[in-house]
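The values are calculated or read from the model by the stated rules, or taken from the named source; none is laboratory data. Owing to the predicted nature of the structure, the values given are computational and were not obtained by experimental measurement. Every residue, glycine among them, receives a Cβ derived from its backbone with ideal geometry; neighbour counts consider all protein chains shown. Keep in mind that these areas ignore ligands, DNA and RNA; they rest on the heavy atoms of the full protein, side chains included. Shrake-Rupley method; radii C 1.70, N 1.55, O 1.52, S 1.80 Å.
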Amino acid sequence: MKKHIYIYSPSSAVRDKAAFKRGVQRLTALGHEVEVDADALARHQRFAGDDDTRLSAIHRAAASGADVALISRGGYGLSRILPGIQYKAVAKAIAGGTRFVGLSDFTAFQMAVMAKTGAVTWAGPALGEDFGAKAPDDITEACFDDLITGQGEGTGWQLPKPAADAKPSADFMIKDAVLWGGNLAMLSSLAGTPYLPAVKGGILFIEDVAEHPYRVERMLTQLLYAGVLAQQKAIIFGQFTNYSLVPHDKGFKLASVVAWLQGKVKARVLTGLPFGHVPTKVMLPVGLKTTLAVEGRDAFVLWGHLHHQHHHH
């Protein structure tokens, strides 16, 4: 099923041009029509063009009529242009069937769009890091394909084995809860701003890269004290990668943070979601009502037929 995919760069400048090129070739080989924004490879300081250039790229993506607007990469740069985004234009594009896909710095855009319009975007791959990988990940590609062919109805994963002394937790189901979240550093940086949506009874998912567990905990305390975490029914840890523990941690690790958090919130805290700065990424609808079900060690986030959510033009 041939889809129109629009590639643009709203954050950091593309440094790995080879990966960018491989990504475009890969999407084309998968049968898609790939349109590359005029400024996708622009550069100003560390950014993919100055602020106005990147805002224009977002607005061209929204006006493209593409099935998917896919970021080239994350990095940094969206936070500083959030006030300039034409949210009505973005929401109109989404209502018309364009799916905005990305992760990392893109979380800022996703939260702002959700806060301002309630429109749904997708946490998923980026062009260079995923489609441009020397060996693209099969699961990531399959999840992306499910999304764009309208087959995606949910995702599942296996929860890590509980500690030997832990009693097995009971199965449960949380229905009709808004799924939201993304990169934890971006979420915590938006606390107290108009760009973090106020989600009640939600399912919050988080991931991060190159952040030591104490920094992860510090960001979570910010969301805790801001009253965000008390409003959630579940908090799901995706992948936290690329950090090093040190001798003076003395046993403090990511599992310590998870245990600490579970002691602070009524929400169910789950781990192991295959999403983050890792090759295998599932696609997650940001801002959509979903059902979270846990049966034994199997966890599922389900959203049923997408066409019940909005009709493609």
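Which numbered condition trips up residue 289, out of (1) farther than 28 Å from residue 113 by Cβ; (2) open to solvent by 50 Å² or more (accessible area, probe 1.4 Å); (3) among the charged types (D, E, K, R)?
Answer for residue 289: the failing condition is (1).
What pairs can you find where one residue is in the stretch 74-98 and farther than 15 Å from residue 61 by Cβ, the other is assigned to a helix (DSSP H, G or I) and open to solvent by less than 30 Å² (accessible area, probe 1.4 Å), and their Cβ atoms are less than 8 Å apart, with a gap of 6+ or different chains?
Matching pairs, first to second residue: 74/106; 79/108; 79/186; 79/190; 82/108; 82/109; 82/112.
If you check residue 176 against the conditions, is it among the acidic types (Asp, Glu), open to solvent by 10 Å² or more (accessible area, probe 1.4 Å) and either in a strand (DSSP E or B) or within 20 Å of residue 117 (Cβ to Cβ) (or both)?
When the stated conditions are applied, residue 176 passes them.
I'd like to know if the stretch 94-105 contains one or more residues that are on the phi > 0 side of the Ramachandran plot and hydroxyl-bearing (Ser, Thr, Tyr).
yes
Quick one: count up the residues across the stretch 266-278 that are surrounded by fewer than 17 Cβ atoms within 10 Å (Cβ to Cβ) and not charged (D, E, K, R).
1
Here is a check on your reading of the model: is residue 282 of a type outside the set (Lys, Arg) and open to solvent by less than 30 Å² (accessible area, probe 1.4 Å)?
Yes.
Output the number of residues of the stretch 219-241 satisfying the condition of being free of Cβ contacts under 8 Å to residues at least 24 places away in the same chain and under 13 Å from residue 189 (Cα atoms).
The number of residues fulfilling the criteria is 1.
If you check 247, 213, which single one turns out to be farther than 25 Å from residue 67 by Cα and without any contact (Cβ under 8 Å) to a residue 12 or more places away in the chain?
From the options 247, 213, the qualifying one is 247.
Just checking, does the stretch 203-211 include any residue being more than 29 Å from residue 127 (Cβ to Cβ), outside any loop (DSSP other than H, G, I, E, B) and open to solvent by 30 Å² or more (accessible area, probe 1.4 Å)?
No, the conditions are met nowhere in the stretch 203-211.
Please enumerate the residues belonging to the stretch 105-140 that are of a type in the set (S, T, N, Q) and touching a Ser or Thr at 6+ places or on another chain (Cβ under 8 Å).
110, 140 - these are the residues of the stretch 105-140 that are of a type in the set (S, T, N, Q) and touching a Ser or Thr at 6+ places or on another chain (Cβ under 8 Å).
Among the numbered conditions (1) in a helix (DSSP H, G or I); (2) over 20 Å from the mean Cα position of the chain (by Cα); (3) over 25 Å from residue 169 (Cα atoms), tell me where residue 257 comes up short.
Of everything listed in (1) in a helix (DSSP H, G or I); (2) over 20 Å from the mean Cα position of the chain (by Cα); (3) over 25 Å from residue 169 (Cα atoms), residue 257 misses just condition (3).
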